[in-house]
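Before any comments, here is the structure.
Laboratory data are not the source of any read-out in this text; all were calculated from the coordinates shown. Only a predicted model underlies this, so the values are computations on that prediction, with no experimental measurement involved. When we count neighbours, we look across all protein chains shown, and the Cβ atoms used for this are built from the backbone with ideal geometry, even at glycine.
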Amino acid sequence: MTVNAEKGRNCYFDLLKYLLFISVVLIHNPLPENLWGGVWTAIARCAVPTYFAISGYFSKKAGKKQLEKGINFLRIFFVMNLVWFGIYTLISYSPYKELARWAKLDVNSKNILKCLLFGSAFGNEYLWYLHAIGMVYIVVYFASQIQLNRIIYRCFPYLVLLYWIMSEGTLLVIGKSVQPFLYRNWLIEGVGFYYMGKWMREQDSQRKALSIGMLIIGSIVTVAEYRICGRVEFYFGNLLMVYGMLALGKSVHLKDNILSMIGSKHSLHLYLYSPFVAFVFTLLQMILFQTTRHQEVITVLVVLGTTWLVMQGWFMRAIEKLKIA
């Protein structure tokens, strides 16, 4: 069923998913510092936790469809991992090996275990989210089967707090940070924010002014934290932003538009294929100009290029034939 066919649908969350895609691009392709790149990236850190929370917000009774959805996400994770591993392996032997500097191409038992348990990808690091959301759906399904759902539900505030402590709290208190894969995974971040979304859905209607206030305060706090701590995976202000964005869905009702349609139908495609678009543009930049400067141009091109790509019928038909997503 298309978005337009769903009468009375509030397209706020569809538009939000598109805006979160832009935030993810700002994380992976940050603007330069002269354009407040670090600040925008810090604010954008709320994006992935919000994706998890939206999944929980719209979750239904756990059944075999959730199990199938979880297995499908894991399938996509492993397929895309192999694709990126191949790309980066080839690039690492080329004059443009700088583009593969973040890839983990060392196949050993430790890295394999991190990949299987925590989604720490051999290829492009953004793939961890696919592993995490897939594992969340599987955990929710089996927790429901053995009557543990309510117990895990009650634990979500502790998981969310633990996520912040491991990301920023330890840095503030003892000056040391924890390796991201230990908290940026299906258990701590994924399950925590998924059940936060379920909790938000059950709350009474929120006031629009309060929700907007949470967003503004969260943004200000995040910027202050960035100035103090520098770059981390998650700021306390981001938590306020996640709450504010979900709460707004109870008081803001939007009609369908082109961006909400893209967010509804292609949020996963935007997430999956924007790194490929970024890779192509960056590679072309290095080949033609022998530089990786002017990152702001790449950032804009990634947003526009990926948006255009997922709207092309020929591209989506090709992806469908490949059975990737």
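Here residue 321 is the anchor, and the lysines within straight C-alpha reach of less than 21 Å, apart from those fewer than 8 places off in the same chain, are 69, 265.
Viscosity 1.002 mPa s, temperature 20 °C: Stokes-Einstein D of the stretch 163-301 from its Kirkwood Cα radius, in µm² per second?
118
Per-peptide packing, taken as the mean over residues of other Cβ atoms within 10 Å, places 276-283, 307-314 in the sequence 276-283, 307-314 from highest down.
Each label was represented as a point 7 Å from its Cα along the Cα-to-Cβ direction; for residue 318 and residue 75 these points are 2.2 nm apart. Remark: the stretch 123-139, residue by residue, has Karplus-estimated 3J(HN,Hα) of x, 5, 5, 4, 5, 4, 4, 5, 5, 5, 5, x, 5, 4, 4, 5, 4 Hz, where x stands for each Gly or Pro and the curve is 6.51 cos²θ - 1.76 cosθ + 1.60 at θ = phi - 60°.
Each label was represented as a point 7 Å from its Cα along the Cα-to-Cβ direction; for residue 255 and residue 60 these points are 2.8 nm apart. Note on the chain: GNM, Cα springs under 10 Å; of 120, 177, 55, the largest mean-square fluctuation is that of 177. Available extension along the chain between residue 229 and residue 112 is 39.0 nm, counting 0.36 nm per residue and deducting the alpha carbon span. The label-point distance for residue 207 and residue 294, in a model that sets each label 7 Å from Cα toward Cβ, rounds to 4.9 nm.
Fully extending the segment from residue 142 to residue 170, taken as 0.36 nm per residue of separation minus the present Cα-Cα distance, adds 6.8 nm. Note on the chain: with a GNM built from Cα contacts shorter than 10 Å, the maximum mean-square fluctuation among 289, 52, 85 falls on 289. Semi-axes of the equivalent ellipsoid for the chain, computed as √(5λ) from the eigenvalues of its C-alpha gyration tensor and ordered from largest down, come to 29, 24, 23 Å. Secondary-structure-derived ellipticity at 222 nm for the chain, considering helices only, amounts to -22000 deg cm²/dmol, per-run term -39500 (n - 2.57) for DSSP H runs with n ≥ 4. Going by neighbour counts of Cβ atoms within 10 Å, the residues 228, 43 line up, fewest first, as 228, 43.
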